[in-house]
1. Mind checking which aspartates and glutamates have their Cα closer than 13 Å to the Cα of Lys9? Skip sequence neighbours fewer than 8 apart in that chain.
2. Which cross-chain or sequence-distant (5 or more) residues have an amide H under 5 Å from the amide H of Arg62, H modelled 1.01 Å from N in plane?
3. Return the FRET efficiency for the residue pair Lys10, Ala95: r is the Cβ-Cβ distance, R0 is 25 Å, and the value is rounded to the nearest 0.05.
4. So for each of 28-35, 54-61, 88-95 I average, over its residues, the number of other beta carbons within 10 Å; can you give me the resulting order with the highest mean first?
5. Quick one: length gained pulling Arg81 to Asn49 fully straight, 0.36 nm per residue minus the C-alpha distance?
6. In a solvent-free Debye calculation with one equal scatterer on each Cα, what is log10 I(q)/I(0) for the chain at q = 0.11, 0.17, 0.22 Å⁻¹, listed in the order of the q values?
Amino acid sequence: MTESGTIIKKLPKPWKVGGQEATDIEVREPTVQDLVEAEKEANPAVGPNAFNVAMACRTVVRAGSYTGPFAPGQFSAMGSRSWYVVRDAMQEAEALGEA
């Protein structure tokens, strides 16, 4: 965890996003508004991966030096191993609010 309360993870393979290659990501804790907005895009019961991508678009603070905005299509070509790192970082960031 960083001093600002975010999670930073190294990606197993560079991710081409925003016209550059990112080798790490930084994720913040989600808010209730993030959850509501992500549910509008994808039902977590019907499309859990689509919901997680929608959440990533809202909670990824940066990928390398790219600070967004992030869109679902940017995650489409990402390899599954890198996606699992993003997903795990989001779970760790969610736990930041638990004391």
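Values in this text are rule-based calculations from the coordinates and carry no lab data. Everything numeric in this text was worked out from a predicted model, so none of it was measured. Neighbour counts run over all protein chains shown; Cβ positions are idealised from the backbone, glycine included.
1. Asp24, Glu26, Asp88, Glu92
2. When sequence neighbours closer than 5 places are left aside, the close amide H contacts are Glu26.
3. Rounded to the nearest 0.05, the efficiency is 0.85.
4. 54-61, 88-95, 28-35
5. Using 0.36 nm per residue and subtracting the Cα-Cα distance, I get 10.1 nm.
6. -0.29, -0.70, -1.18
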